[in-house]
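Worksheet: the structure to be examined is printed underneath.
Values quoted throughout were computed directly from the atomic coordinates according to the rules given, and no laboratory measurement underlies them. Just so it is clear, the structure is predicted and the values come from calculations on it, not from any experiment. For neighbour counting, all protein chains shown are included, and Cβ atoms are generated from backbone atoms with ideal geometry for every residue, glycine included.
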Amino acid sequence: MGNLDLTFFDWSVIGPFVWKGLIFSLWLTVVATIGGVILGTALALMRLSGKKWLEVPAAAYVNTMRSIPLVMVLLWFFLLIPFAIGRPIGAEMSAVVTFIAFEAAYFSEIVRAGIQSIPRGQIFAGQALGMTYGQNMKLVILPQAFRNMLPVFLTQTIILFQDTSLVYAIGAYDMLKGFETAGKNLGRPVEAYLLAAVVYFFMCYALSWIVKRIQQKVQIIR
Amino acid sequence: MAWDWQLFCKETATGEIIAGCFGKGGDQTYLNWILSAWGWTLTVALAALVVALLMGLIMGTLRTLPNSPWLVRLGTAWTELFRNIPLLVQIFLWYFVVPAIFPALNDVPSVILVILALGFFTSARVSEQVRSGIQALPRGQRYAGMAVGFTTPQTYRYVLLPMALRIVIPPLTSESMNIIKNSSVAFAVSIAELTMFARQAGEETSAPVQMYLAVTVLYAISAFTVNRIMRVIEQKTQVPGFVAAGGMGAGH
């Protein structure tokens, strides 16, 4: 292969390939985080509801998702969604649905741990004031729980961003695919993969630095 | 729809159904194939786990050393480097970029490269757990080691690590399960493991549902077995009266 040709590192040449993929990676991260948190909170509340018919299915769903590799879940959904709705929806949409369904299981565990970190006295206090279950959750428990779990939640989001590269398995066009395509078209695959690693590193490093700062802030408040 | 599980008794090249489901001589059924794929998954995962535990333990310990800022920096740099690049990108780095820079690595089998990639990736997470395990110990433990005249290595060997390693068993259990799941990413460089099998056999037989189901079940069994083994280790090594506190963590 010989020496690396670093002149390849020219944004005006590879930008068009990468830009589209970068947008998709970020978009997928944001949508999957929001969707995963909403669905995950619902799952966590089901598991903590104390009602068997809600607990069992939620626990089964979470444990199943957590015992299968993300790549296999991507392949499953890519295979089954067209069956279920009767038409193909494309790799990108399939990836979005998969990530929401998959991340919900992980977010639900974070939310559950967050809720359980709240002293029981807080729940009793809400009940003593005559609050309904919904009011108690919304006004007393969840605001505290979300603050407690913020650092873990943000770390999970960074992992989610890294995992978006796995849409490679079903051929969706994300940032990694963008670099790969640039590398193939310009005949410089080695440099393209190296550059992809550098870009991912700086993005994730910056994000985890921000998480660390937030963690310190939250710790002072507590 | 009736599912045809006899599929697994088919010979992969001719498509004939073989009695007893195991191919003889040069023949290979899908059952043979999926079992060998399972073997590859376990080989890659367990070898990577050894690499991850070894490097993670070293780097995590280095990060807690007193009076050695450069070793602390080395451990931190290692952890940040391997933690902040997606696993798939790291596998491509080892597979395409590293051999291009060091031509001597061209002859190394790709399985070894994938094991190193998965092992180093996971070592960053292990290092993080080991570091917080050591830091979770009361400061008096370190002072106690110094007070009896131990050198720093002795303090770690006899005082800090024995307790810290017990604390990190629960998070290491989930890392060990993660490594089995993460080994699926090796399909991207054509290692003949379970995910690769699912994709190829699913296409060849036009019965992806059965193939995916079998593979999914094998992954679940593997992860569950690892979980039980770690549980046994945890109980065997438990110090009476000492219960490690569980925390929340992010991960896959």
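For the reader, a short list of remarks on this structure follows.
- Toward the positive end of the charge dipole of region A:1-151, with +1 on the Cβ of Lys and Arg and -1 on the Cβ of Asp and Glu, the farthest Cα among A:Ile14, A:Ile110, A:Pro57 is that of A:Pro57.
- Per-residue mean of C-beta atoms belonging to partner chains within 10 Å, peptide A:205-211: 2
- From least to most packed, judged by other beta carbons within 10 angstrom and beginning with the fewest, B:Asp107, B:Asp4 follow the order B:Asp107, B:Asp4.
- Taking the number of Cβ atoms within 10 Å of each Cβ as an exposure proxy, the fewest-first ranking of A:Lys138, B:Lys181 is A:Lys138, B:Lys181.
- Each residue of region A:71-88 is assigned a 3J(HN,Hα), and the resulting list reads 4, 5, 5, 4, 5, 4, 5, 4, 6, 8, 4, x, 4, 5, 9, x, 8, x Hz, derived from the Karplus form 6.51 cos²θ - 1.76 cosθ + 1.60 (θ = phi - 60°), x at Gly and Pro.
- Placing pseudo-labels 7 Å out from each Cα toward the beta carbon at A:Ala128 and A:Asn185 gives an inter-label distance of 6.6 nm.
- B:Leu35-B:Arg157 pseudo-label distance in nm [points 7 Å out on the Cα-to-Cβ vector]: 4.6 nm
- Sites B:Glu203 and B:Ala77 - FRET efficiency at Förster radius 41 Å, r taken between beta-carbons, to 0.05: 0.45
- Efficiency of FRET from Cβ geometry, B:Gln141 and A:Lys138, R₀ 41 Å, rounded to 0.05: 0.40
- The protein assembly as shown: radius of gyration over Cα atoms, expressed as a fraction of 2.2 N^0.38 Å: 1.05
- Simple label model, 7 Å out from Cα along Cβ direction - B:Phe22 to A:Gln215, nm: 5.0 nm
- Those residues of region B:181-199 whose amide nitrogen sits under 13 Å from the label point placed on B:Ala13, 7 Å along Cα→Cβ: none
- Restricted to Cα atoms, region B:10-236 shows a radius of gyration and a Dmax of 21.5, 74 angstrom.
- At q = 0.11, 0.16 Å⁻¹, base-10 log of I(q)/I(0) for chain A (Debye sum, equal scatterers on each alpha carbon): -0.67, -1.12
- Residues in region A:93-137 reached by a label modelled at A:Ile34 [backbone nitrogen below 19 Å; 7 Å Cα→Cβ]: A:93-105, A:107-108
- Secondary-structure-derived ellipticity at 222 nm for chain B, considering helices only, amounts to -20500 deg cm²/dmol, per-run term -39500 (n - 2.57) for DSSP H runs with n ≥ 4.
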